[in-house]
Amino acid sequence: MIRTAQPADVPAIHAMIRELAEYEREPESAKATVEQLHDALFGDHPAVFGLIAEESGEPVGFALWFRNFSTWTGTHGVYLEDLYVRPEHRGGGHGKALLAALAQLCVSRGYGRFEWSVLDWNEPSIGIYKSIGAQPMDEWTVFRLTGEALHALAATADVNAA
C-alpha cells in the first residue's frame, strides 16, 4: 500500500498537490511545476522525499517530507510538508498508513520528532492526528516571510548567507 515515490510518480504528485490546494481553499497558491517537483525530489541534491499510497497499482495519496533538526534534542526529525489522500479513497487507511511509515522511518533512523502543520478548520484531519497520539502545539505560532517582506529583509543583510 505504501512505497517510496519514484520519478514516474511526479505528475500524479503534482496533480494531487493541486487537489490539496483546492481543498485548502488556495488553488492560486499552488504554483510548483512538475519540473520543480522532479528536481526537488530526484535532482542532484534532493531537498524533499516522498511516499506514495497505492491502490490497485494507482497512486491515491502521497506524503512529502524533509529532514529538520532540533537543537534541544540534538537529533534530526521529519517535517511532513504535505499529506493528501484523494477523497474517493479516504477512510481506507491510506492516510494512517502514510503517517505510520513516516513514524517508522523516524524510529529506524533515531530521529526524535515527527511534526507537521494543519489548518485549524480541518477537523477531520485533526481528529485523525489526535487519534494516533499526536499533540497540538497550541503555544506555538507559525510565522511566514514571503514576497516583498522577504526581499526587504534580505536587502538589509550585511553577510552573504548564500
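The values are calculated or read from the model by the stated rules, or taken from the named source; none is laboratory data. Everything quoted here is computed from the prediction, not taken from an experiment. Don't worry about glycine lacking a Cβ; one is built from the backbone with ideal geometry, like all the others, and counts go over all protein chains shown.
Every condition in (1) at pLDDT below 95; (2) within 16 Å of the chain's Cα centre (by Cα); (3) aliphatic (A, V, I, L, M) is met by M1 except one, and the failing one is (2). Evaluation of D120 against the conditions (1) over 19 Å from A15 (Cβ atoms); (2) modelled with pLDDT of 95 or more; (3) not small (G, A, S) shows that the sole unmet condition is (2). Y84: under 18 Å from S117 (Cα atoms) and surrounded by 19 or more Cβ atoms within 10 Å (Cβ to Cβ), yes or no? It is true that Y84 is under 18 Å from S117 (Cα atoms) and surrounded by 19 or more Cβ atoms within 10 Å (Cβ to Cβ).
Checking region 37-53 against the condition returns a match, with at least one residue being loosely packed, with under 13 Cβ neighbours inside 10 Å, under 23 Å from A101 (Cβ atoms) and in contact with a helix residue (DSSP H, G or I) (Cβ under 6 Å, 6 or more places away or on another chain).
Against the definition (out of contact with any strand residue (DSSP E or B) (no Cβ under 7 Å at 6 or more places or on another chain), within 23 Å of A21 (Cβ to Cβ) and not in a loop (DSSP other than H, G, I, E, B)), how does Y129 come out, yes or no? So Y129 fits the description; yes.
Limited to region 132-162, what total is found for residues that are exposed (fewer than 10 other Cβ atoms within 10 Å of the Cβ) and in a loop (DSSP other than H, G, I, E, B)? Count: 18.
Residue-wise test of (1) of a type in the set (F, W, Y); (2) within 17 Å of the chain's Cα centre (by Cα).
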{"position": "H94", "(1), (2)": "no, yes"}
{"position": "L98", "(1), (2)": "no, yes"}
{"position": "A103", "(1), (2)": "no, yes"}
{"position": "S108", "(1), (2)": "no, no"}
{"position": "S117", "(1), (2)": "no, yes"}
{"position": "D120", "(1), (2)": "no, yes"}
{"position": "G127", "(1), (2)": "no, no"}
{"position": "P136", "(1), (2)": "no, yes"}
{"position": "W140", "(1), (2)": "yes, no"}
